[in-house]
Each structure stands twice: as C-alpha cells, then as structure tokens.
Amino acid sequence: MSKVIDGKAVAAAVLEECRTEVESLKADGITPGLAVVLVGEDPASQVYVGSKVRTCGDLGIYSRKIELPTETTQEELLKVVADLNADPAIHGILVQSPPPKHIDEEAVVRALDPRKDVDGFHPENVAKLALEDPTGFVPCTPAGCMRLLKEAGVETSGANAVVIGRSMIVGKPMALLLMARGVDATVTVAHSRSKDLAGICREADILVAAVGRPEMVKADWVKEGAVVIDVGINRVDDASKKRGYRLTGDVAYEECAEKASAITPVPGGVGPMTIAMLMKNTLQSARQLG
Ligand SMILES: Nc1nc2c(c(=O)[nH]1)N[C@@H](CN(C=O)c1ccc(C(=O)N[C@@H](CCC(=O)O)C(=O)O)cc1)CN2
C-alpha cells in the first residue's frame, strides 16, 4: 500500500508561508491585491472563485471578486481587464476558466498585463517558464504538483516522468518544470492520440495524469513503486450523495494505490495546492510590482 500525499496539509504549510510574506509586504507598505473575474454561472467555477476570495481574506490579501453575466461580450470583458491592468491596488488578475463559449479566452489572456498574470498563462510568462526566468509566474496547478513531489521527498533527477495531457494549464508547464535544471527528470508527454498509452505510462517513475477522464489510469498502467500525481477533478453523477455527484480523479485510486509508492488522492491532493500556489504568485507579483 502506498503513501498518501496529503495536499491539504502541504497547502496549509504553503499558506502559512504566505501569511508571513503578507506581514512582511505590509510592513513595507504594500497591501497585496488579487482580482478574480468570473463570467457566467458554472457551478464548479463558482466554488473555486469563492475559495480563492476566502483564502485571500484569511491571509489579509485584498481581493476583488468581479462576477459578470454569461452574456458579457468579449469587448466588455476586455474593458474589465484593461481597468484592472491600470489599477495600482491590484497586483494579480485572473479570469476563471472555462469562460462561456463565445469568449475568446486566449485573447483575454493576451490582454492581461503579464506582470499581473498570476495564473501564468500569458505568452510572456510561458516564455519565462521555458527560459527558467524566476520573474515569471508558474501556472498554479503544476507549481503545486512540483511542491507536492518535493514535500514527499521524491527523487526527480534522472527519473522517467510521464505527463498525460498537453494542456496549457497543466500538461505543457508540468513537462517544462520536470525537465528544468535542478529537477532533471526525463520527460515524456503523452495524450489521447499516443500509441500504447498504457505502455508509455508503465515506464514512468513519476506519472502525472491531467486528462480530465474519470479513472482512466488503471493499475496495469502503473509501474510498481511509481509516484502517481492525479490532477483530474471530475464530477461523476452519484445519487447516493447529497449533492448528486462525487469527485474522482483521472486515476483509479484504490487499485493504483496498491502499486504506487506514493499517490495523491482526489479530493485533497493537487486541488488545494492550486489555490495555495495562486496566493504565492499574488505575493510574488506584489513584491515585484511594489
Ligand atoms: N483561471 C484559472 N482557471 C482554472 C484554474 C486555474 O488555475 N486558473 N484551475 C482549475 C480550477 N481551480 C482553480 O481555479 C481549482 C480546482 C480545484 C480546486 C480544489 O481545491 N479542489 C478540491 C475539491 C473542491 C470541490 O469540492 O469541488 C480538491 O481537489 O480537494 C481548487 C481550484 C480550472 N480553472
């Protein structure tokens, strides 16, 4: 049976580091500020945005929640972003993803001031990640995964890491982080079109699943003793639950836990780290912008 990597506990430790940094920023006359923009009424997004704002409040970070109706036009959203770019009280801006279908999300990300792009999605921050420039912002979920690996004492140097998924939010930045100098993993990025996906995964010392398919990774995809990081947070209908669904990852947890040396659960694994790393990025921005 494997060791469970407790994302809630690691996130709590990261948030304590943030609390200390907020005090230090305030002592220097800087009150960090985060703006969270939510377009539409996606229920999961409402939960995440609420959680981001609550965490800011708990740490003493100023936050501004901007809720816009589903019918908000691209132009209206770009105006909101431009106003936040110009607002000195705001150090970090994020637009919750996914926005409604008529919104061109890439154009919205490009409109962000990259110095305030605490999600790390702007092309300038993507380039800084590839260049290993620490002044850029690392996307929160992969940054959280890296922190979990570190806290779990996972040896990455020379390890075979397989990332399933090639999204801009998780797969691609995760691959860059794993191959970075000092981390030094040998990285394979696999996806739905990869031939023999199970075989590729079986080679992994570190397996990161970020595909958004409930319990796709089965025990026979996992090498004995591998470390498994499950990024998926899928809502699966479950009439036995009060809320009508249960959360499950991209990994069939029980059976994979039998083979892995360490594994993240869902919920309580990578998810809480996303918000903790967002707070870190906001404080980095506040420090850099002053
Ligand atoms: N602009 C962004 N949009 C989205 C991001 C992002 O980083 N930036 N990531 C995800 C959603 N997300 C944060 O925004 C997020 C997802 C999950 C969790 C989390 O704590 N999950 C809990 C379970 C919570 C629940 O009950 O649903 C867990 O896994 O334990 C936090 C944040 C997509 N959009």
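Loop-located trypsin sites (Lys or Arg not before Pro) in the range 177-234 (DSSP state not H, G, I, E or B) with no more than 16 neighbouring Cβ atoms inside 10 Å: R181, R193, K195, K218. Secondary-structure-derived ellipticity at 222 nm for the chain, considering helices only, amounts to -12500 deg cm²/dmol, per-run term -39500 (n - 2.57) for DSSP H runs with n ≥ 4.
I need the calculated FRET efficiency for the pair A13 and E71, taking r as the beta carbon distance and R₀ as 35 Å, to the nearest 0.05. Spell out each step's value before the answer.
On the way: r = 42 Å, r/R0 = 1.19.
Plugging the Cβ-Cβ distance into 1/(1 + (r/R0)^6) gives 0.25.
Please arrange H191, H102 by how many other C-beta atoms lie within 10 Å of their C-beta, fewest to most. Walk me through the numbers before you get to the answer.
Details: H191 14, H102 11.
Fewest-to-most ranking of H191, H102: H102, H191.
For the options D220, D83, D205, a Gaussian network treatment of the chain with springs between C-alpha atoms closer than 10 Å singles out D83 as fluctuating the most. A Gaussian network model of the chain, with springs between Cα atoms under 10 Å, assigns the largest mean-square fluctuation among E224, E71, E215 to E71. Put a dot 7 Å past the Cα of D87, heading toward its Cβ, do the same for D184, and the two dots end up 4.5 nm apart.
Could you please report the charge total around A159, scoring K, R as +1 and D, E as -1 over all other residues with beta-carbon less than 14 angstrom from its beta-carbon? Mind dumping the intermediate values first?
Numbers: positive: K150, K223; negative: E155, D184, E203, D205.
So the environment of A159 carries a net charge of -2.
Between helix 7-27 and the chain there is an angle of about 30 degrees, using the helix long axis and the longest principal axis of the Cα atoms.
Where the centroid of each part is defined by its Cα atoms, how far is the range 41-74 from the range 264-290 in Å? Centre-to-centre distance over Cα atoms comes out at 15 Å.
Could you tell me how far the Cα centroid of the range 128-178 sits from the Cα centroid of the range 217-252, in Å? Value for the Cα centre distance between the two parts: 21 Å. Using a cut-off of 25 Å between Cα atoms, the listed pairs K128/K172; K150/K242; K150/K195; K101/K241; K150/K241 include K150/K242; K150/K195; K101/K241; K150/K241 as exceeding that distance. Excluding same-chain neighbours fewer than eight residues apart, the lysines reachable from K52 by a Cα-Cα span under 22 Å are K8, K26, K65, K116, K280.
Taking the Cβ of each residue in I93, I103 as the centre, tally the other Cβ atoms inside 10 Å and list the residues starting with the fewest.
Least crowded to most crowded, the residues run I103, I93.
Note on the chain: with a GNM built from Cα contacts shorter than 10 Å, the maximum mean-square fluctuation among G50, G269, G29 falls on G29.
When the P(r) of the chain is calculated, the portion above 24 Å amounts to 51% of the C-alpha pairs. Compared with the dominant Cα axis of the chain, that is its longest principal axis, helix 140-151 is turned about 50°.
Rounded to the nearest 0.05, the FRET efficiency derived from the C-beta distance between V236 and L131 at R0 = 35 Å is 0.35.
I'd like the trypsin sites (Lys or Arg not before Pro) in the range 225-254 restricted to DSSP loop residues with at most 12 other Cβ atoms within 10 Å, sorted by number. Before the final figure, lay out the partial values.
Details: sites: R235, K241, K242, R243, R246; in loops: K241, K242, R243.
The qualifying sites are K241, K242, R243.
Can you list the trypsin sites (Lys or Arg not before Pro) in the range 63-167 that are in a DSSP coil and have 14 or fewer other beta carbons within 10 angstrom?
Working: sites: R64, K65, K79, K101, R110, R115, K116, K128, R147, K150, R166; in loops: K101, R166.
Filter output for the range 63-167: K101.
Taking all Cα-Cα distances within the range 140-271, those exceeding 17 Å account for 54%. Quick check on the range 29-123: take the gyration tensor over C-alpha atoms, sort the square-rooted eigenvalues as a ≥ b ≥ c, and tell me if it's rounded (a/c under 1.5), prolate or oblate. Verdict is oblate for the range 29-123. Principal-axis analysis of the Cα atoms of the chain puts helix 270-289 at an angle of about 40° to the longest axis.
Since every read-out is calculated from the coordinates, none of them should be taken as a lab result. As the structure is a prediction and not an experimental result, all values here were calculated from the model. Note that each Cβ is placed from the backbone with ideal geometry, even for glycine, and that neighbours are counted across all protein chains shown.
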